Amino acid sequence: MFVGHYSAGFALKAVKPQLPLWVLLLAVQLVDVGWSLLILAGVEKLRVVPGFLAGSPLDLYYMPYTHSLVATLIWSAGGALAYFLWRRGQGLNAALIVGAAIGSHWLLDLLVHAPDLPLYDNSAKVGFGLWAYRGPELALELGLLAASVWIYARACPTYARRAWLLFGVLTLMQLANTFGPVPPSGSAVAVGALVLYLLFTWAASRVERRTA
């Protein structure tokens, strides 16, 4: 899943409005940020296989440190602890929501991935495989995102217009990801992902910027 991950961030913002949107949108992709770095370091592995699945050419055959269920729980706990230590004044509840945002990544990936998500280490792999059906998978991603932005807009009406603008940008990026050319290499996938995640995090900070 790509932009559908951001649906968890927008929705959880409505649960705890004090949490910055940029934190939540970074949190939901934190696992993939780590994955991108480990791909570039040669620790985790993927193959680019044209036609592998209708919605994704990526054969994600080794990613135990980021995309196993056990690893995701560790990432979630670590992120929650880091946020609690950084923003202790917001309380434990805020930190737990950040942890939930991080953990949502695995659950949403479960819907679309081929059976390549390990439960632990690189073993007992699962995945419902919706990426094999390009149209339904695209509808799921954009549907989840639209519903969550609507929830966010109702909870934070001051920033609704900017949130919908960000939705438009994310939609265009999802269309490019779904229908665009096959990436040339795994390294190109990782670098592109890192750049986009940082840009989307910055864009989320601009959604909630204060104006005079």
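The values are calculated or read from the model by the stated rules, or taken from the named source; none is laboratory data. Computed from a prediction, not measured in an experiment: that's the story for all the values here. Here the Cβ positions follow ideal geometry from the backbone for every residue, glycine too, while neighbour counts run over all protein chains shown.
Per-structure values
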quantity	calculated
Which numbered condition A114 fails, given (1) among the small types (G, A, S); (2) buried (at least 16 other Cβ atoms within 10 Å of the Cβ); (3) part of a helix (DSSP H, G or I)	(3)
Matching entry among Y65, Y83, Y6 (being farther than 23 Å from P184 by Cα, surrounded by 15 or more Cβ atoms within 10 Å (Cβ to Cβ) and under 12 Å from the mean Cα position of the chain (by Cα))	Y6
In segment 59-92, residue farthest from F128 (Cα to Cα) [restricted to those that are touching a helix residue (DSSP H, G or I) at 6+ places or on another chain (Cβ under 7 Å) and outside any helix (DSSP H, G or I)]	R87
Some residue of segment 180-187 being part of a helix (DSSP H, G or I), free of Cβ contacts under 8 Å to residues at least 60 places away in the same chain and either of a type in the set (A, V, I, L, M) or surrounded by fewer than 19 Cβ atoms within 10 Å (Cβ to Cβ) (or both)	no
Single match in A193, A203 (criterion: touching a residue at least 12 places away in the same chain (Cβ under 8 Å) and more than 19 Å from P20 (Cβ to Cβ))	A193
Test set (1) buried (at least 23 other Cβ atoms within 10 Å of the Cβ); (2) on the phi > 0 side of the Ramachandran plot - G51 fails condition number	(1)
Of the criteria (1) closer than 22 Å to L140 by Cβ; (2) modelled with pLDDT under 95; (3) surrounded by fewer than 18 Cβ atoms within 10 Å (Cβ to Cβ), which one D59 fails	(2)
Selection status of S76, crowded, with 21+ Cβ neighbours inside 10 Å and within 23 Å of V195 (Cβ to Cβ)	no
Residue within segment 164-173 that is more than 13 Å from V3 (Cα to Cα), in a helix (DSSP H, G or I) and either at pLDDT 95 or above or among the polar types (S, T, N, Q) (or both) present	yes
Identity of the residue in segment 57-71, touching a residue at least 40 places away in the same chain (Cβ under 8 Å), in contact with a Leu (Cβ under 9 Å, 6 or more places away or on another chain) and of a type outside the set (A, V, I, L, M, F, W, C), that ends up nearest to G42 (Cα to Cα)	Y62
